[in-house]
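Working notes for the structure below.
The values are calculated or read from the model by the stated rules, or taken from the named source; none is laboratory data. The shown structure was predicted, so the numbers you read here are calculated from the model rather than taken from an experiment. Heads up, the Cβs are rebuilt from the backbone with ideal geometry, glycines too, and the neighbour counts pull from every protein chain shown.
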Amino acid sequence: MQHMNNRNNTYLTKSEESRLRLLEKNSHEYLEQLQDSALKWSWRGWIPRALGRSKYSLWAWQTRVPLAHRWSLILQQCEELRTFLIQSDSWEKARCMNVLDLGCGFGMYWPILREYGFRKFVGIDLFDMRGRQQYFKAARKYIGKFCSDCETQLIMDDVRNLDKHKLLADKFDIILNIATTSTKLRSTGIPHDILESVGKKHGAENCLIVDVAKAH
């Protein structure tokens, strides 16, 4: 039975929404700690404090767009993923599936996918563009906390250089292109030609490509 949220026009089961709200609360608190640590010695951190202003937040979008709402929008835009998740044997299948997350950021959706049974994740992002690798270190801590029982690999590089790395899996069953701004009209993400190339090289047979960012 689907639970309708009239304010956001989203759908999730009551159980899913409850779990996501708890996850969001815990992840938000931990992200605050990581942010303070990552920005401690950066101009983005100390200049606002010196001027008596609110501290700079790289994760303001998390409070503007609730995690449950973002995940619901993703499921609405990727019907194949939703169809898979509601299958009676999806949990057992998910545990053996390999997930590749392009432009993964902090792996924000990995803890959610873990709730559905997934346990194998590889992510790549340009963390060196964000605070001299501080965010790469913070992302590893975030994933380590919420996916401690999973096989994870986090790569700091351009997606175009994915072939240069030895990955946890030869082929991936799910490839994610989910940008932080995927819930907005002006979205960012991996361009279609690159996404298609990655799919051909690293996608397993019947690979599911979750292209929510839909970058041009």
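Report, by residue number, each residue of the range 103-140 that is at pLDDT below 90 and assigned to a helix (DSSP H, G or I).
Answer for the range 103-140, where residues must be at pLDDT below 90 and assigned to a helix (DSSP H, G or I): PHE127, ASP128, MET129, GLN134, TYR135, PHE136, LYS137, ALA138, ALA139.
Within the range 74-83, track down each residue that is surrounded by fewer than 18 Cβ atoms within 10 Å (Cβ to Cβ) and farther than 21 Å from GLU196 by Cβ.
Step one: of the range 74-83, the residues surrounded by fewer than 18 Cβ atoms within 10 Å (Cβ to Cβ) are 76-77, 79-80, 82-83.
Answer for the range 74-83, where residues must be surrounded by fewer than 18 Cβ atoms within 10 Å (Cβ to Cβ) and farther than 21 Å from GLU196 by Cβ: GLN76, ARG82, THR83.
Among what's in the range 161-208 and is at pLDDT below 95 and of a type in the set (Val, Ile, Thr), pick the residue that is nearest to ARG82 (Cα to Cα).
The selected residue is ILE178.
Quick one: in the range 154-169, of everything that is touching a Lys or Arg at 6+ places or on another chain (Cβ under 9 Å) and of a type outside the set (A, V, I, L, M), which residue is surrounded by the fewest Cβ atoms within 10 Å (Cβ to Cβ)? Talk me through it step by step, then tell me what you get.
Restricting attention to the range 154-169, the residues satisfying the condition of being touching a Lys or Arg at 6+ places or on another chain (Cβ under 9 Å) are 154, 157, 162-163, 168-169.
Still in the list and also of a type outside the set (A, V, I, L, M): 157, 163.
Details: ASP157: 14, ASP163: 10.
Looking at the filtered set, the residue picked out is ASP163.
Name the residue, out of ALA138, ALA94, that is crowded, with 21+ Cβ neighbours inside 10 Å and touching a residue at least 60 places away in the same chain (Cβ under 8 Å).
Numbers: ALA94 fails: touching a residue at least 60 places away in the same chain (Cβ under 8 Å).
When all the criteria are applied, what remains is ALA138.
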